[in-house]
Structure formats: C-alpha cells, structure tokens
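The structure appears below as structure tokens.
The values are calculated or read from the model by the stated rules, or taken from the named source; none is laboratory data. For clarity, every value in this text was computed on a predicted model and none was experimentally measured. Neighbour counts are summed over all protein chains in view; Cβ atoms, including those assigned to glycine, are modelled from backbone coordinates with ideal geometry. Heads up: the accessible areas ignore ligands, DNA and RNA and are worked out on the full protein's heavy atoms, side chains in. Shrake-Rupley method; radii C 1.70, N 1.55, O 1.52, S 1.80 Å.
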Amino acid sequence: MIARTALLIGAAGGILSEVARGLAREGHSLVLFDKDEEAVSGLADELAQQAKVEVVVGDITDIPAAERQLTGIVARHAPSVLVNGVGGDTRVIGYADLERGHFEQTYLENVISTWVAVKVCAPRMVRDGYGRIVNFASAGGRTYSHFNNAAYVGAKAAVIGMTKQMAYELAGTGVVVNVVAHGPIATARVAGAFERRDEESKRAVLGRLPMGRYGTVAEAAGSVLHLCSEGAGYSTGAVIDINGGLYM
C-alpha cells in the first residue's frame, strides 16, 4: 500500500471522523477540513500520533472562500483521496411545509459544495494519474425517505446523478468517483433525533428497518474506506448502499 494524502470535507462529522481514523491507521496523511474548529482540532490531536495531520477551518458552503482554501490545499498537498461528507438533515418536513430556502440551503450543502471540491481537486489527480473521490448521498436519494424531507432527498438524488456524470467524464484517467448512500446510521446527531421521538414513533421507525436497528458509525465508514483504497480502481460511478437492507 502506498501512503497517500486524503482530504476530508466535513471531517469532524460522525462518519468522517471514523474514516479519518481508518485512513490514519493505514498510514495516510490527512487534511481535515471543517467549520467546527474545536471538534476538528480535537480529532487532529487524537490522530497526531498516527499520521501527519493538517487542520483547515472553513465553511465549504461559503463557495468563494472554500474554493480559495481548497486551491491552497491542492497546491500544498496534492491530495489523491477526497471524501465529501457534508450535508446531513434529520428534519421530517412535509412537502407543503417546505420553503424555497430549504431547497436552496440543502442544495448548497450537498450538491454545490461537493461539486466545488471535485472541481478544484480532480484536475491535479488527473495530472498525477491517480485519484479516489467518495461523495455522500443517502438511501433517501435512491428512492424516498421516512426520515427527512423532499428538499434533502432531492439534493441527495442530485449528488448521485452528479457523481455518475463525473465518473463518466473521469473514467480512464486513473481517477474514480463513487457515492455512498447511507440509511439510518447512529451518529450522535441521528441518534439524538431518534431519542427525541416518542416510544410509538421509535417502534415504527425500527419496524421499517429489516435489521431492526440503525447502522453503526464503524459499519458506515467501512465501505467509504474501501472506496478510498487502491483496490477500488475498477469501481467508478457506483452507488454503495449502506442501509441494512432498507429498500424503500
């Protein structure tokens, strides 16, 4: 295995922080990009004994500023692994109660932020002849969701379509682009939303899950780590379902 540099966008999030731990164990250098300075610095301190780590504090949804920061990261580190993990939502809102702002915000967080990171990072990967890009969608983006809303589901569906197009355009360059579609994963945020439900609602949610439980963060991270690896070189444009058999 060749030690590489990985750029994680939204690195302090529940799944991405576990991915960072896995990449650090494998000996890769890490660039951790997140707007939560305290959380991402804490993760960097945790990993510093295992890997070379740089923290970049920034908001990926501030597109002009983020593009400048990403350009600097590429110039300094030429990352060959990019994971875009921003854009979760646990709000159950009916279509009639959504407002235009819900769509604008979720498309910014999920679609536009993912696009700008790939736009900046992929050309250097092409030049180097190697790249692994993993975008985050959702099981809802594949069909529909019991757990979110139409704005979020639409944005995640767009991430899937965008990933497939990017994979097609980059095929043959050595850069592969894939997307993970998580079902309910027990990150702190999602588990917290579950605990706020009443008991009847909890039973109803778990009753929709074939395995009868949420996935763990480690289970979610495992497929991401595979797609970041050298062994994923013939996987591109793939949608990897991580949902415990939840086919809605």
task: Give the long-range amide H neighbours of residue 130: residues separated by 5 or more places, or on another chain, with amide H under 5 Å away, using H modelled in the peptide plane at 1.01 Å from N.
output: none
query: So how tilted is helix 37-47 from the main axis of the chain? Cα-based, degrees 0 to 90, rounded to 10.
result: 60
message: Cross-link candidates for residue 164: which aspartates and glutamates have Cα within less than 20 Å, leaving aside residues fewer than 8 places away along the same chain?
response: 109, 230, 241
field: Between helix 113-128 and the chain: long-axis angle, C-alpha atoms, 0 to 90°, nearest 10
entry: 30
- prompt: Mean separation of Cα pairs under 8 Å and 6+ residues apart, divided by the residue count of segment 178-242: what relative contact order is that in percent?
  reply: 60
- prompt: Of the accessible area of segment 45-121, with the probe set at 1.4 angstrom, what percent is carbon plus sulfur?
  reply: 51
message: For Cα pairs less than 8 Å apart in space and 6+ apart in sequence, what is the mean separation divided by the residue count of segment 16-146, i.e. the relative contact order in percent?
response: 24
- prompt: Carbon and sulfur together cover what percent of the accessible area of segment 141-209 at a 1.4 Å probe radius?
  reply: 53
message: Check which residues have an amide H placed less than 5 Å from residue 80's amide H, if you skip close sequence neighbours.
response: 5
query: Nearest 10 degrees, 0 to 90: what angle lies between the long axis of helix 150-170 and the longest principal axis of the chain (Cα atoms)?
result: 30
message: Can you tally the net charge around residue 209? Count Lys and Arg as +1, Asp and Glu as -1, for every other residue whose Cβ sits under 12 Å from the Cβ of residue 209.
response: +4
message: Compute for segment 104-168: radius of gyration divided by Kirkwood radius, i.e. Rg/Rh, restricted to C-alpha atoms, rounded to two decimals.
response: 1.04
Relative contact order, percent, the chain [alpha-carbon distance under 8 Å, six or more residues apart]: 19
query: Amide H to amide H, which residues 5 or more places from residue 242 or on other chains are under 5 Å from it, using H placed in the peptide plane?
result: 181, 182, 183
task: Report, ordered by chain and residue number, the lysines lying within cross-link reach of residue 52, taken as a straight Cα distance under 24 Å and ignoring same-chain residues fewer than 8 apart.
output: 35
- request: Please identify every one of the trypsin sites (Lys or Arg not before Pro) in segment 1-97 that sits in a loop by DSSP and has no more than 15 other beta carbons within 10 Å of its own beta carbon.
  value: 52, 91
- prompt: Heavy-atom accessible area per residue, the chain, 1.4 Å probe: how many Å²?
  reply: 46
